[in-house]
Amino acid sequence: MARKPLAFSPSKPDELGIEIQRLDKQHVLFSMPAHSHEFLEIIYFDLGGGQYQHKNRIWDVKPGDLFLTAPYETHNASSLTKAQGWVILFTAATVNLTGLESSSYLHWIDSPIFLPFAKTSGFEHSHIHIAETDRPRWLERFESLNTELNHKPFGYKEMARSLLTQILIDIARLTVDNIEHLPSQASPLLIEVFDFIEQYYSKPISLADIAKAINRSPSYLSASIRKLTGRTVLEWIRERRMTEARRLLLETDDNIVEIAEAIGYQEVTYFIRQFRQFHRTTPQAWRQAHH
């Protein structure tokens, strides 16, 4: 059976949905096999040494390496040796800057700071290397966040959210093209589009279907979504489908044909091509690699 994705489980129900841990050879991550989780994760290395497998690529870890892991993306740190750093685990709802509520799985697009986690083409933003001159500032942020969450002084929840938001903004500035043109919060158009995707991604929907449903022309909708997010409507549909495909591959014994049908692909060969383009391997090989 595939390894069940890890859930975010604060030790107390009222705890903030952010956790930071020092990463060294005593950390459980160093001994865990390949795994995935249901939350977002940032790993930053201030000391290199060994190899880190993120998705289907293996990196020789160097000081300043930073990795982003979205839900159901697999990683493996068991080949790290001398590397040290920080791990931040959090949910998108914890850093809800907009106050908007959407039923969409893609609600983390409500703020452009989550765009780097929405990878729609290979390893586009999986790995960032922080310049040596900038590392003291990054390290200070991680250490400050650790202090707030461990000591819990007055206002620590607000401060922790602020520090994490600063880290996410810095990451977005390094990864997202034309970030100055992104919205500070999700527009009603984005909410309509992502809610439609969430409701119907398991069916063979198209740009024209979404445009008709929300009373926009396909050309207007296509241009608007690309301007707002830097990605196309079809890329967002595929993003949602690939996330569900990974979940089904990990959590069920459904065959590839059944999974393709469950996420809106009428032709299994097209699903396999899409999965290979997105993950650089086939669905079956991906499942076998993460048993």
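The values are calculated or read from the model by the stated rules, or taken from the named source; none is laboratory data. Values in this document were obtained by computation on a predicted structure and should not be read as measured data. Quick reminder, even Gly has a Cβ in these numbers, built from the backbone with ideal geometry, and neighbours come from all protein chains shown. Just so you know, the surface numbers come from the protein's heavy atoms only, side chains and all, with ligands and any DNA or RNA stripped out. Shrake-Rupley method; radii C 1.70, N 1.55, O 1.52, S 1.80 Å.
Collect the residues in the stretch 30-80 that are modelled with pLDDT under 85, of a type in the set (A, V, I, L, M) and buried (at least 17 other Cβ atoms within 10 Å of the Cβ), keeping them in residue-number order.
70
Does the stretch 216-235 include one or more residues that are of a type outside the set (Gly, Ala, Ser), in a loop (DSSP other than H, G, I, E, B) and more than 28 Å from residue 113 (Cα to Cα)?
No - not one qualifying residue is present in the stretch 216-235.
With the structure loaded, tell me whether residue 161 is crowded, with 16+ Cβ neighbours inside 10 Å and assigned to a helix (DSSP H, G or I) or whether it fails that test.
When the stated conditions are applied, residue 161 passes them.
Please pick out the residue among 263, 256, 214 that is more than 22 Å from the chain's Cα centre (by Cα), touching a residue at least 24 places away in the same chain (Cβ under 8 Å) and under 24 Å from residue 35 (Cα atoms).
256
Within the stretch 129-155, count every residue that is touching a Gly at 6+ places or on another chain (Cβ under 6 Å) and crowded, with 17+ Cβ neighbours inside 10 Å.
1
Filter the stretch 34-52 down to the residues that are closer than 17 Å to residue 81 by Cβ and either of a type in the set (Gly, Ala, Ser) or in a loop (DSSP other than H, G, I, E, B) (or both) and list them by number.
Hits for the stretch 34-52 are 48, 49, 50.
Can you confirm whether the stretch 222-232 contains a residue that is in contact with a His (Cβ under 7 Å, 6 or more places away or on another chain) and modelled with pLDDT under 95?
So far as the stretch 222-232 goes, yes, one or more of its residues are in contact with a His (Cβ under 7 Å, 6 or more places away or on another chain) and modelled with pLDDT under 95.
Take the conditions surrounded by 17 or more Cβ atoms within 10 Å (Cβ to Cβ) and farther than 25 Å from residue 115 by Cα and apply them to residue 85. Does it pass?
Taking the combined requirement at face value, the residue does not satisfy it.
Looking at (1) touching a residue at least 24 places away in the same chain (Cβ under 8 Å); (2) more than 18 Å from the chain's Cα centre (by Cα); (3) more than 15 Å from residue 194 (Cα to Cα), which is the only condition residue 247 fails?
(2)
For the stretch 243-269, what are the residues that are open to solvent by less than 40 Å² (accessible area, probe 1.4 Å) and in a helix (DSSP H, G or I)?
243, 244, 245, 246, 248, 249, 250, 256, 259, 260, listed by residue number.
Exactly one of these conditions fails for residue 240: (1) touching a residue at least 40 places away in the same chain (Cβ under 8 Å); (2) open to solvent by 30 Å² or more (accessible area, probe 1.4 Å). Give me its number.
It is condition (2) that residue 240 fails.
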